[in-house]
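Take a look at the structure below.
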Amino acid sequence: MTFKRHTVTAALPYANGPVHIGHLAGCYLPADIYVRYLRLKGEDVKFICGSDEHGVPITIKAKKEGITPQQVVDKYHKLMGDAFKDFGISFDIYSRTSSKTHHETASEFFKKLYDKGVFKEEVTEQYFDEKANQFLADRYIVGTCPKCGNENAYGDQCEKCGSTLNATDLINPKSTLSGEKPVLKKTKNWFLPLDKMQPQIEAYIDSHKEWKSNVFGQCKSWLNAGLQPRAMTRDLDWGVKVPVDGADGKVLYVWFDAPIGYISATKELFMQHNDGINTLSPEGRAGEGWEKYWRDKESRLVHFIGKDNIVFHCIIFPAMLMAEGSFIVPDNVPANEFLNLEGDKISTSRNWAVWLHEYLLEFKDKQDTLRYTLCSNAPETKDNDFTWKDFQAKNNNELVAILGNFVNRTLVLTHKYYNGKVPETLEYTKSDILLLEEISKFPDKIAASIEQYRFREALSELMNLARSGNKYLADNEPWTLIKTDEKRVQTIMNISLQIAANLAVVMEPFLPFTSKRLGGMLNLNPSLKWNDAKRTDLLLAGHQINAASLLFEKIEDEAISAQVQKLADSKKANEAAGKAIEPSKAETSFDDFSKMDIRVGTILEAERVPKTDKLLKLLIDTGFDTRTVVSGIAAYYKPEDIIGQQVSILVNLAPRKIKGIESKGMILMAENSAGELSFVSPLKPNVNNGSGIK
RNA sequence: GGCGAGGUAGCUCAGAUGGUUAGAGCGCAGGAUUCAUAACCCUGAGGUCUCGGGUUCAACUCCCGAUCUCGCUACCA
């Protein structure tokens, strides 16, 4: 390790929902293990996090619940902060992007780039709500999804069919603010010219071939596609105000302001530590406070994130930092993949999750069991699955049976034979010496894995240490020897106790609660460092240990089936919700209906549109002409199967070019609850092409 | 469709620069044992390394193609 200090961040969680096991396994737990390890090594490290509280979804949630955005973020900021604390995620500071410091910091950052002339100003057309007198973010617009017909699709995405949309794609767009039809209006925004910065960014990424393959590959993928300028401001009133003239009603893009949150949080940390001495001014106390963690080349910046954040942390944020000029850039971004739950994607909206705050109500004081399970099964190289059965097995067969059991039998025997006093070592056998050598290698072995972000490997090495202990006891059978060779037993128990002591030290990053308890039982010096665990004399002869209690308890089948049942209920509720028939649309007039000219037509030709997954190019005989229609039905119909098929077609829809093909009209489709499409056709054979549908 | 990451024992995963009988943990079977939360310890069974081709004396490891999973991205009037 050649760096003087470490700035470690964990992704700022978005303040619109509680924290679940996926967050923990993918980001916060590995980050915490890493940081706790560094601290034990005596390294200078700051662990930074906070709530990400801006952006459109929060304003929508607030509106839905009839409260202010501030009330939304206050609620979740507390909930998330408490959950992290409860699980021992040892942030040096857990801040929030609605703080004053953050607004100032983000604002200054933007201003500096603005003054340097980094941004490209661009005027674009965005939907505007004339009644509410404001621009509408994509999320604020609902309309009919052009793909699946869902009437409540958002401007950026249809949640029913999952397709990503542009607000301008929606049929019958409506503002969620006023219910009015929005109009297109020009607006100015500031873009970060990532295209121009590409060579610089490319060089940066290429200098980090040591990054995890998923991270590096994803970055290269973006670079190969060519970076595009990206708007760093939005027309919205919730967020950090854009600090330049002519930017009223605009805020910083949430992805511009969020990563700066790492910097602001570090500032706040030092404001606290320095008893209010303001270290904000770069000139004033340069190098004294927060700045050395962000500006000194000998500081190592590491971002722990989930894979959804790769582009922001590896490309956009570094680009921002480079453009600003006075900051270091991330040295590594160990992103994890995703954790699934019982075979399905974790979903907040579908309540398919294990929430941290609920877990602790049902598994009181079992933080370390979850930490252990999630770490040993972390999605480090690919998506992974969390199952309750696995959780139970890992607790009962590994934590209880191997680790807890070893410690318990050692302590019980020590109390039984020596009233809790550490016995002397008298004479080492050959195998004792080999074992002691083996034990002293564990800290370096585990450290090597942690430093490569291979936490599951590190954890399994930790368990191997406990296994060595169990084997040592089984091989030497002190409970038998006590009858014939008491002196030998002294040495055996001493060595076993040393193993327990070493375990207490090296387990700390992974199982901090258990480490503390074990340390207490052993009456261990709490200031022991990581490297002390290389020694095998942490407990001196005559040292008095305290009463033993079980480190872990078994989890019974009932507790597990209760959790499985809870998820099954959740699934049932979702299915019921999925089957619910959508309520009728607002009343319309006969005149409006009559404007639509829907006819019966027959498909004459059908072929896949090249380089698309969903599109078929159809030639339709409408009775009065023959026309081409492009339709997104390739997933449901094979071209050769639908030649001659009669369909309903909206013939007077304005033509539109799709993938370079002029599409005239729209085929009407019925959609079932699974989102599958089906033609709507006449049932009697004597309906001619061109017949009107009324 | 393009790009990226994956597909290795029942399950979860390791397997530098290609080289004797492909590894670990859990689960399973058998044995041994009783200090310990019927735990620990020992032994064992289990894999045509997704499928085809190719390069090579030799490929899980390199090349080409197919296929499945996940993600990013295009497309849906």
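The numbers here are math on the coordinates, done by the rules we state, and not lab data. Computed from a prediction, not measured in an experiment: that's the story for all the values here. Glycine also receives a Cβ, built like all others from the backbone with ideal geometry; neighbour counts cover every protein chain displayed.
Centroid-to-centroid, using Cα positions, the stretch A:213-238 and the stretch A:49-97 are 25 Å apart. Using only Cα positions of chain A, each an equal point scatterer, no hydration layer, compute I(q)/I(0) via Debye at q = 0.10 Å⁻¹ and quote the log10 values to two decimals. Each listed q corresponds, in turn, to -1.06.
Taking 0.36 nm per residue of separation and subtracting the Cα-Cα distance, full extension of the segment from A:LYS209 to A:ASP44 would add 56.8 nm. The simple spin-label model puts a point 7 Å past each Cα toward its Cβ; for A:SER468 and A:LEU619 those points are separated by 7.7 nm. The stretch A:195-237: which trypsin sites (Lys or Arg not before Pro) are DSSP loop and have at most 15 other beta-carbon atoms within 10 angstrom? Here the sparse-neighbourhood loop sites are A:LYS209. For the stretch A:402-487, GluC sites (Glu not before Pro) are listed when DSSP marks them as loop and at most 10 other Cβ atoms sit within 10 Å of their Cβ; the list is A:GLU427.
Model label points for A:LEU184 and A:ALA393, set 7 angstrom from Cα along the Cα-to-Cβ axis, are 5.7 nm apart.
For the stretch A:306-410, which trypsin sites (Lys or Arg not before Pro) are in a loop by DSSP, counting at most 16 other Cβ atoms within 10 Å?
Values: sites: A:LYS307, A:LYS345, A:ARG350, A:LYS364, A:LYS366, A:ARG371, A:LYS382, A:LYS389, A:LYS394, A:ARG409; in loops: A:ARG350, A:LYS364, A:LYS366, A:LYS382.
For trypsin sites (Lys or Arg not before Pro) across the stretch A:306-410 that sit outside H, G, I, E and B with at most 16 neighbouring Cβ atoms in 10 Å, the list reads A:ARG350, A:LYS364, A:LYS382.
A simple rule links phi to the HN-Hα coupling: the Karplus curve 6.51 cos²θ - 1.76 cosθ + 1.60 with θ = phi - 60°, which for the stretch A:650-663 gives 7, 8, 9, 6, 4, x, 8, 7, 10, 6, x, 10, 6, 9 Hz, with x for Gly and Pro. Derived value for the stretch A:590-679: Kirkwood hydrodynamic radius 13.5 Å. Basis is the mean of 1/r over every pair of different alpha-carbon atoms.
Is it possible to state the helix-based mean residue ellipticity at 222 nm for chain A, with each DSSP H run of 4+ residues giving -39500 (n - 2.57), the sum divided by total residues, to the nearest 500 deg cm²/dmol? What is it? Each step should come with its number before you reach the end.
Numbers: 20 runs with 259 residues, N = 694.
Calculated at 222 nm, the ellipticity per residue is -12000 deg cm²/dmol.
Annotation: extensible slack from A:ARG5 through A:VAL687 equals 237.6 nm (criterion: 0.36 nm per residue apart, minus Cα-Cα distance). Counting Lys and Arg as +1 and Asp and Glu as -1, what is the net charge of the other residues whose Cβ lies under 15 Å from the Cβ of A:PRO655? Net local charge, A:PRO655 excluded: +3.
Amide H contacts under 5 Å for A:PHE304: A:THR9, A:ALA10, A:ALA11, restricted to partners 5 or more places along the chain or on a different chain, H placed in the peptide plane at 1.01 Å from N. Choose one of A:ILE450, A:CYS314, A:ALA547: the residue whose Cα lies farthest towards the positive end of the charge dipole of chain A (beta-carbon charges +1 Lys, Arg; -1 Asp, Glu; about the Cα centre). Comparing the listed Cα positions along the dipole, A:CYS314 ranks first. Relative protection proxy for A:66-78, A:34-46, from highest mean packing down: A:34-46, A:66-78 (other beta-carbon atoms within 10 angstrom). Between the listed residues A:LEU301, A:SER347, A:SER264, the Cα displaced farthest toward the positive end of the dipole of chain A, a dipole computed from Cβ unit charges relative to the Cα centre, is found at A:LEU301. Of the residues A:ASN224, A:LEU426, A:GLN367, the one whose Cα sits farthest towards the positive end of the charge dipole of chain A is A:ASN224 (charges of +1 on Lys and Arg Cβ, -1 on Asp and Glu Cβ, taken about the Cα centre).
At a Förster radius of 45 Å, what calculated FRET efficiency corresponds to the Cβ-Cβ distance of A:SER460 and A:LYS111, to the nearest 0.05? Intermediate results must be reported in sequence, preceding the final value.
Values: r = 49 Å, r/R0 = 1.10.
Approximately 0.35, to the nearest 0.05.
Taking the centroid of alpha carbons for each part, the stretch A:457-506 and the stretch A:335-390 are 33 Å apart.
With a simple spin-label model that places each label point 7 Å from the Cα along the Cα-to-Cβ direction, the separation between A:GLU202 and A:LEU668 comes to 5.2 nm. The alpha-carbon positions of the stretch A:406-464 define a convex hull whose volume is 102 Å³ per residue. Rounded to 0.05, the FRET efficiency of the A:GLU486 and A:ARG295 pair, given R0 = 60 Å and the Cβ-Cβ distance, is 0.45.
For the pair A:ASP331 and A:ASN224, what calculated FRET efficiency results from E = 1/(1 + (r/R0)^6), where r is the Cβ-Cβ distance and R0 = 25 Å, to the nearest 0.05?
Working: r = 23 Å, r/R0 = 0.93.
That gives a FRET efficiency of 0.60.
From largest to smallest, the equivalent ellipsoid semi-axes obtained for the stretch A:1-119 from the alpha-carbon gyration tensor read 27, 23, 11 Å. Within chain A, antiparallel bridges make up roughly 70 percent of the DSSP beta bridges whose residues both belong there. Set the Cα radius of gyration of the stretch A:344-534 against 2.2 N^0.38 Å, with N its number of residues, and you get 1.15.
Roughly how many debye, to the nearest 20, is the charge dipole of chain A about its Cα centre, given +1 on each Lys and Arg Cβ, -1 on each Asp and Glu Cβ, and no other charges? Show your work: numbers first, answer last.
Details: 88 positive and 92 negative charges, 48 e Å.
It comes to approximately 220 debye.
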